[in-house]
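Novice: Structure below; questions to follow.
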Amino acid sequence: MMHVPTLRSLEIYNIFEFPVGVLLTCGQVQELYVDSSSVTLDVNTNIIDSGLLPLLPPQRGHLEGLGFFDLTFPLLVKALKSNPSSPLSITRLQKLKLSVFDRESENAVQEVLRLTAGSLKHLEIRFEPSFEVCWETLNLPDPSILRLLTFYIIDWEDNSSMISFLEQIPKANNLTSVVI
């Protein structure tokens with residue numbers, strides 16, 4: 001599957017112990033969605049030196065869409081950071097859909113938002129019920145580029161900090177839709 005040069009979109013559902021390092025070898029993939037799965041990563045393994053890459057020269061690519069809806073998203077971010085010469089990059093990401101379960105996943109989201117600040121157009125974040133959103137530390141991408149902003153919040157009680165967060169979005173922006 002990973003040696004299909006025409007593969008552009010990859011969706012992984014209900015697969016457990018999927019080696020995320022393999023995804024980093026797929027430079028041609030433009031959209032990646034992972035839901036109800038678990039991924040594994042040996043952070044001490046550099047995929048470039050590990051033999052995971054095909055024998056042919058790798059194709060350098062940039063993900064345009066990324067969706068990660070499980071607890072293992074921080075592992076993907078770690079893999080991308082520990083393998084900067086990977087054929088797969090998120091620096092030109094345009095669509096990002098994520099779930100935030102805990103502070104570790106919130107930190108991973110912040111890291112991806114930092115890396116994609118100049119390209120992200122669509123941002124969707126699901127805040128899981130067990131997670132208390134810290135609106136003061138959430139940094140949005142460049143509002144002149146961002147077009148769609150969606151937050152899913154379950155068991156929302158205190159709206160004052162979120163309203164303050166939304167009020168801080170500069171008036172000079174290109175948002176066409178904000179969904180809460």
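The values are calculated or read from the model by the stated rules, or taken from the named source; none is laboratory data. Only a predicted model underlies this, so the values are computations on that prediction, with no experimental measurement involved. Neighbour counts run over all protein chains shown; Cβ positions are idealised from the backbone, glycine included. Ligands, DNA and RNA are stripped out before the accessible areas are found, and what is left, the full protein with its side chains, is counted by its heavy atoms. Shrake-Rupley method; radii C 1.70, N 1.55, O 1.52, S 1.80 Å.
Novice: Is there any pair linking a residue in the stretch 142-165 that is aromatic (Phe, Trp, Tyr) and open to solvent by 50 Å² or more (accessible area, probe 1.4 Å) to one that is at pLDDT 80 or above and not in a loop (DSSP other than H, G, I, E, B), with Cβ under 6 Å and at least six apart or on different chains, and which?
Specialist: Close Cβ pairs (under 6 Å, with a partner that is at pLDDT 80 or above and not in a loop (DSSP other than H, G, I, E, B)) amount to TYR152/ARG126.
Novice: Within the stretch 107-118, track down each residue that is open to solvent by 30 Å² or more (accessible area, probe 1.4 Å) and either assigned to a loop (DSSP other than H, G, I, E, B) or touching an Asp or Glu at 6+ places or on another chain (Cβ under 7 Å) (or both). Steps first, answer last, please.
Specialist: Filtering the stretch 107-118 for residues open to solvent by 30 Å² or more (accessible area, probe 1.4 Å) gives 107, 110-111, 114-115, 117-118.
Within the stretch 107-118, ALA117, GLY118 qualify.
Novice: Considering LEU113, LEU138, LEU88, which residue is farther than 20 Å from VAL34 by Cβ and within 16 Å of the chain's Cα centre (by Cα)?
Specialist: Unique residue meeting the criteria: LEU138.
Novice: Can you find, within the stretch 81-96, the residue that is modelled with the highest pLDDT among those that are open to solvent by 30 Å² or more (accessible area, probe 1.4 Å) and of a type outside the set (S, T, N, Q)?
Specialist: Filtering the stretch 81-96 for residues open to solvent by 30 Å² or more (accessible area, probe 1.4 Å) gives 81-82, 84-85, 91-92, 94-95.
Still in the running and of a type outside the set (S, T, N, Q): 81, 84, 92, 95.
Values: LYS81: 74, PRO84: 69, ARG92: 86, LYS95: 94.
Step by step, filter the stretch 81-96, then rank; the result is LYS95.
Novice: Return the total of residues in the stretch 119-141 being surrounded by 15 or more Cβ atoms within 10 Å (Cβ to Cβ) and either on the phi > 0 side of the Ramachandran plot or out of contact with any helix residue (DSSP H, G or I) (no Cβ under 6 Å at 6 or more places or on another chain) (or both).
Specialist: 14
Novice: What number of residues within the stretch 150-170 are in contact with a Pro (Cβ under 9 Å, 6 or more places away or on another chain) and at pLDDT 85 or above?
Specialist: 2
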